[in-house]
Amino acid sequence: MSAATRKQVDTGFNWREALKFGAIGGVAVLFFCLVGMVEAFDARDVIFKTLSLGRSLLVVVALGMGYFSSQRLSARKPGRAVLTGLVVGVVSSVVTALLVFLAEPLNMREMFINASPKLIKILTFSQDSYAVGMLIQTGVMTGLSILGALLYLLPDLPRKLIINGLAAVLLIGMLQELLSVILARSSYTKPVAKFLFGSKGLSYTGAVVVFIVFALISAFRTTQSERIGRRYAGMTAPQQVVFRWVAIVAGVLFLIVLPQAVGPYISQILVLVGLYTLMGLGLNIEIGLAGLLDLGFVGFFAIGAYTTALLTSTSDLGLASVMAGEPVRASYTNFWVSIPVAVIVSGLAGVFLGIPVLRMRGDYLAIVTLGFAEIIRILVLSDFLRPVLGGAQGILNIPKPVLETFNLVIKDPGQFYYLIIIGSAIIAFVAFRLQNARIGRNWIAIREDEDVAEAMGINLIASKLLAFGIGAAFAGLSGAIFAAQVGSVFPHSFALIVSINVVSLVIIGGVGSIPGVIVGSLVLVGLPELLREFAEFRMLIYGAMLVIMMLVKPEGFWPSEVSRRELHTGEETATVPPVAETTGAA
């Protein structure tokens, strides 16, 4: 037995692992600093004059590394947890100190432009002496790391309450500007805004109140959700129907009053979220149900948008001006005619794409669909189709939808919000019915094993083509509404990044889950739009969230029951004691 092994056996503490966690924490701090997130986010306060969003990143790293290192090394012993947090905090601070003391002598800004004096000022708490500043930084990081390590030792319920309360403080503090504007719209809620918020971020009392309120909500949900579920299961069938309808009516009323409550800016964000939700519902059929990895989904979105543009535009390229004889006499009702046409054309395009790739699976299918999206983009940009599609100049003068019966022009974000809500409700209902129908079970069987599905008598060709067609049709509807809402279409609006965004929101929300698509859209599309500081780091945040979700919660925020069972079957069976072997004749 080596000396290192004897030391580990004697102390019961794995120093190597603790040092590794500390180094990882330090590297995470360096990463956030050198990519510019700490400095950019420092302009926004979470708690007024106390905690900025930039420093919140460092707090999250310290708490998180302390928590996960304790989970790995403490064996639920308080003394060992404190030692773990101490080592992790000190090592992380030492790595951070290297940046502070070496940034100027090594002229690191030539390579890392974000290693600025302002960043050093943030890390040293604005102290004139770097040594004093780093002592403060070390004390704060170490203390937070120890708190994170001790947090893991708490029972499940208190631990969950603290984590949810802190997350609520962070989120509401970040959204202070928008929430203040929303609450100030009504004389009834204006005093709430004054109580909760300072001029920037939450006030001290507001932070405490938010923490307590959301901790209590989390406690109620944790302790009472199972009891409420049992009470619902004990209801008679008519009572369950009444309960569901009450919930549906309450949800509809909430969606109706939402634009009036939040104002035009957030309504515009909700419109964007709705467009991605429509596309996500379509891609969810292909990826989540049929297992068809489509990275060219933006092509169908573009087809729907260009179809509507050609049918309704009053420019020289639009059919509306040609049919009316004069550009100024366009028939605005053509938008409602263009919707089913765009859906049908996009669906047919999905079927045509599916025909040559029927035998392809996995990575090969993804590459082919990626090529399809690039073909669409190049075609709309080409000089060959410029007389039809407008080339790089796109198609302009797309009129807003008009409800002639009510003499209403749909032009404001709040009005488009209602249009998208209606479209999303219809699409979600269709997707839900398909998911629980025979074709939905066929898709799931194909996703699990094509060969077995074919042996069971499932028509692979028809099922796959139907998945491609329906998913593309949903994207076409989203594209049609997008064209009418923007009033013009350009090729650069249909870049590959749109497909990546849709795939990301489906994965993060929960593959195969309809509510998961909505949650994924809100998280990946809505939240970055609400925070202007996130715009520069959008793709970085997307990538980080995908990695974190795959490691921590691979089923997504709101997984389907099938995905939850598939991913946690091993955990459930591991808790079941093995059945004793019986002897006897085989």
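The values are calculated or read from the model by the stated rules, or taken from the named source; none is laboratory data. Bear in mind that the values here come from a model prediction, so they are computed numbers and not experimental data. All Cβ positions, even for glycine, are placed from backbone atoms using ideal geometry, and neighbour counts span all protein chains on display.
Out of the range 101-121, which residues are outside any loop (DSSP other than H, G, I, E, B) and crowded, with 20+ Cβ neighbours inside 10 Å? Even if it seems obvious, please write down each step before you answer.
Step one: list which residues in the range 101-121 are outside any loop (DSSP other than H, G, I, E, B), which gives 101-102, 108-110, 117-121.
LEU119 - this is the single residue of the range 101-121 that is outside any loop (DSSP other than H, G, I, E, B) and crowded, with 20+ Cβ neighbours inside 10 Å.
Are there any helices (runs of 4 or more DSSP H) wholly within the range 9-93 with 2 or more residues that are aromatic (Phe, Trp, Tyr), and if so which? Spell out how you get there, then give the answer.
Values: elements: 15-34, 37-41, 53-73.
Where helices (runs of 4 or more DSSP H) fall fully within the range 9-93 and carry at least 2 residues being aromatic (Phe, Trp, Tyr), they are 15-34, 53-73.
Checking TYR204 against (1) out of contact with any Gly (no Cβ under 8 Å at 6 or more places or on another chain); (2) hydroxyl-bearing (Ser, Thr, Tyr); (3) buried (at least 20 other Cβ atoms within 10 Å of the Cβ), which test does it fail?
TYR204 satisfies all of (1) out of contact with any Gly (no Cβ under 8 Å at 6 or more places or on another chain); (2) hydroxyl-bearing (Ser, Thr, Tyr); (3) buried (at least 20 other Cβ atoms within 10 Å of the Cβ) except (3).
Hey, among the residues in the range 187-236 that are in a loop (DSSP other than H, G, I, E, B) and in contact with a helix residue (DSSP H, G or I) (Cβ under 8 Å, 6 or more places away or on another chain), which one's nearest to SER56 (Cα to Cα)? Steps first, answer last, please.
To start, the set of residues in the range 187-236 that are in a loop (DSSP other than H, G, I, E, B) comprises 187-189, 198-201, 203, 234-236.
Those still in the list that are in contact with a helix residue (DSSP H, G or I) (Cβ under 8 Å, 6 or more places away or on another chain) too: 189, 198, 200-201, 203, 235.
Details: THR189: 28, GLY198: 17, LYS200: 15, GLY201: 12, SER203: 16, MET235: 46 Å.
This residue is GLY201.
State the number of residues belonging to the range 505-515 that are small (Gly, Ala, Ser) and surrounded by fewer than 22 Cβ atoms within 10 Å (Cβ to Cβ). Break it down into steps so the answer makes sense when it comes.
We begin by selecting, within the range 505-515, every residue small (Gly, Ala, Ser); these are 509-510, 512-513.
Restricting the remaining residues to those that are surrounded by fewer than 22 Cβ atoms within 10 Å (Cβ to Cβ) gives none.
Total meeting the criteria: 0.
Scan the range 487-502 residue by residue and report those that are surrounded by fewer than 23 Cβ atoms within 10 Å (Cβ to Cβ), assigned to a helix (DSSP H, G or I) and among the hydrophobic types (A, V, I, L, M, F, W, C).
LEU496, ILE497, VAL498, ILE500
When you go through GLY479, GLY487 one by one, which is the residue that is out of contact with any helix residue (DSSP H, G or I) (no Cβ under 9 Å at 6 or more places or on another chain), under 30 Å from GLY390 (Cβ atoms) and assigned by TED's automatic domain parsing to the domain that holds LEU292?
Working: GLY479 fails: out of contact with any helix residue (DSSP H, G or I) (no Cβ under 9 Å at 6 or more places or on another chain).
The conditions single out GLY487.
So LEU311 fits all but one of (1) farther than 29 Å from VAL503 by Cα; (2) not assigned by TED's automatic domain parsing to the domain that holds ASN459; what number is the exception?
(2)
Could you say which residue among ALA184, ALA215, ALA219 is over 28 Å from ARG44 (Cβ atoms) and not acidic (Asp, Glu)?
Numbers: ALA184 fails: over 28 Å from ARG44 (Cβ atoms); ALA215 fails: over 28 Å from ARG44 (Cβ atoms).
So the residue among ALA184, ALA215, ALA219 that is over 28 Å from ARG44 (Cβ atoms) and not acidic (Asp, Glu) is ALA219.
Among the numbered criteria (1) at pLDDT 90 or above; (2) in contact with a Gly (Cβ under 8 Å, 6 or more places away or on another chain), which single criterion is violated by ALA75?
Checking ALA75 against (1) at pLDDT 90 or above; (2) in contact with a Gly (Cβ under 8 Å, 6 or more places away or on another chain), the one that fails is (1).
Identify all residues within the range 95-112 that are free of Cβ contacts under 8 Å to residues at least 12 places away in the same chain and within 16 Å of VAL35 (Cβ to Cβ); write none if there are none.
Selection gives MET108, ARG109, MET111.
Just one of (1) out of contact with any Pro (no Cβ under 8 Å at 6 or more places or on another chain); (2) of a type outside the set (Val, Ile, Thr); (3) touching a residue at least 12 places away in the same chain (Cβ under 8 Å) trips up ALA233, so point out which.
It is condition (3) that ALA233 fails.
Given GLY520, GLY512, GLY570, which one is assigned to a helix (DSSP H, G or I) and modelled with pLDDT of 85 or more? It would help to see each step written out before you state the result.
Details: GLY512 fails: assigned to a helix (DSSP H, G or I); GLY570 fails: modelled with pLDDT of 85 or more.
Among GLY520, GLY512, GLY570, only GLY520 is assigned to a helix (DSSP H, G or I) and modelled with pLDDT of 85 or more.
Can you pull out every residue in the range 423-462 that is within 29 Å of the chain's Cα centre (by Cα) and among the polar types (S, T, N, Q)? Can you show your working first?
In the first step, residues of the range 423-462 are kept if they are within 29 Å of the chain's Cα centre (by Cα); the result is 423-437, 439-449.
Selection gives SER424, GLN435, ASN436, ASN442.
Need at least 1 residues that are surrounded by 13 or more Cβ atoms within 10 Å (Cβ to Cβ) and in contact with a Gly (Cβ under 7 Å, 6 or more places away or on another chain) per element, so show me which helices (runs of 4 or more DSSP H) inside the range 352-461 make the cut, counting only ones lying wholly within it.
On the way: elements: 362-381, 386-389, 413-435, 438-448, 450-455.
Helices (runs of 4 or more DSSP H) meeting the threshold: 362-381, 413-435, 438-448.
Among the residues of the range 218-271, count how many are within 22 Å of the chain's Cα centre (by Cα), surrounded by 13 or more Cβ atoms within 10 Å (Cβ to Cβ) and within 25 Å of SER186 (Cβ to Cβ).
Summing the residues that are within 22 Å of the chain's Cα centre (by Cα), surrounded by 13 or more Cβ atoms within 10 Å (Cβ to Cβ) and within 25 Å of SER186 (Cβ to Cβ) in the range 218-271 gives 11.
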